[in-house]
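The block underneath contains the structure these notes are about, expressed in structure tokens.
What follows is calculated from the coordinates using simple rules that are stated; it is not laboratory data. Please read these numbers as outputs of a predicted model, since none were measured by experiment.
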Amino acid sequence: MPGHPQGKPAGQPCANLLDDRRCGLWGHPDRPAVCASLRPEPTMCLDSAEAALAGLLALERATCPDVDRM
């Protein structure tokens, strides 16, 4: 994954995230399949950026129990 040669650590922002929180790889051939296949839902976006980021961290914690130690 561009910007993450060892993979993106859970709990860390993507190295390809732009200042305005858009994906810097959008439409680029190097964009990973996992990112391209993600289909955001209202339950992921919530009603603010802060709530959405907290929700994503909760998903990472659910799938990677060691996220808080990374």
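Karplus-derived 3J(HN,Hα) values for region 45-60, using 6.51 cos²θ - 1.76 cosθ + 1.60 with θ = phi - 60°, are 7, 6, 10, 7, 4, 5, 5, 5, 5, 5, x, 5, 5, 4, 5, 5 Hz; glycine and proline are entered as x. The Cα atoms of the chain define a convex hull whose projected area, averaged across directions, is 5.2 nm².
Note: relative contact order over the chain, using C-alpha pairs below 8 Å and six or more positions apart, is 34 percent. With θ taken as phi - 60° and the Karplus curve 6.51 cos²θ - 1.76 cosθ + 1.60 applied, the whole-hertz 3J(HN,Hα) list for region 26-42 is 3, x, 8, x, 7, 5, x, 4, 4, 6, 5, 8, 5, 10, x, 10, x Hz, x standing for glycine and proline. Distant-in-sequence amide contacts of Leu17, defined by a placed amide H-H separation under 5 Å and a gap of 5 or more residues or a different chain, comprise Gly24. Maximal additional length on extending the Asp47-Met1 stretch stands at 13.6 nm, based on 0.36 nm per residue less the C-alpha distance.
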